[in-house]
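Report on the structure given below.
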C-alpha cells in the first residue's frame, strides 16, 4: 500500500504578499458583521497583504452579496473575495431563502469567474450563536474566511 507521504501533494500557503483582496460585507446585522470584517482585514494584513490592497465593499444584506461579488470579480479583478454577513433564523422561512440563495450565488461567482470566494456568512439559529462565531467562544469566522481566501489564492496559483 502506498504511503501518503510518497505521492505528489499540492497545497496552498497563507501568504498574502502582493495579492489583492476584496471583502464584500452585508450591513444587515452590522453589530455582528463588523467584527467579522475587522478580523478578516487583520488576518489578511498579518499574513502579508498590504492594507492598500484590501478593499471593503458594503451591500445592504446577504442576498446582495453574490451580485456585488460578481461585479467585483469582473471589474476589479482581485486575487480573492471574502464574503461576510450574518443571517439569523427568525419565525418565518425568510432565513432559508436568504441563506440558501446567498451560498448558491457566491458559489456560482467562484466557479463562473474562476476566483476564490471565501464564504464567511454566518447562518445561525440565534443571535447568541452569531455572537459566538464573531469573536467570542467559537473564534471569528471572518478570520477563518480570510485564511481560506489566502490559502485558495496560493493553491490556485500552484495548480496553474
message: Can you give me the angle between helix 65-75 and the longest principal axis of the chain, using Cα atoms only, in degrees from 0 to 90, rounded to the nearest 10?
response: 40 degrees
field: Between helix 30-46 and the chain: long-axis angle, C-alpha atoms, 0 to 90°, nearest 10
entry: 20 degrees
- request: May I ask you to sort 62, 102, 124 by Cβ crowding, counting other Cβ atoms within 10 Å and putting the fewest first?
  value: 124, 102, 62
message: Quick check: residue separation of residue 95 and residue 50 times 0.36 nm, minus the Cα distance between them. What number comes out in nm?
response: 12.6 nm
- request: In nm, give the distance between the simple-model label positions of residue 77 and residue 8, each being 7 Å from the Cα along the Cα-to-Cβ direction.
  value: 2.9 nm
query: Along the principal axes of its C-alpha atoms, what lengths does the range 20-153 span, in descending order and rounded to whole Å?
result: 40, 30, 21
statement: In degrees, nearest 10, the alpha-carbon axis of helix 141-159 is tilted away from the dominant principal axis of the alpha carbons of the chain by 30 degrees
message: Within a 10 angstrom radius of the beta carbon, how do 14, 119 rank from fewest other beta carbons to most?
response: 14, 119
query: Among 39, 138, 118, whose mean-square fluctuation peaks in a Gaussian network model of the chain (Cα, cutoff 10 Å)?
result: 138
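Here, each number is a calculation from the coordinates, and none is a lab measurement. These numbers come from a predicted model, not from an experiment. Please note: Cβ atoms are built from the backbone with ideal geometry, for glycine as well, and neighbour counts cover all protein chains shown.
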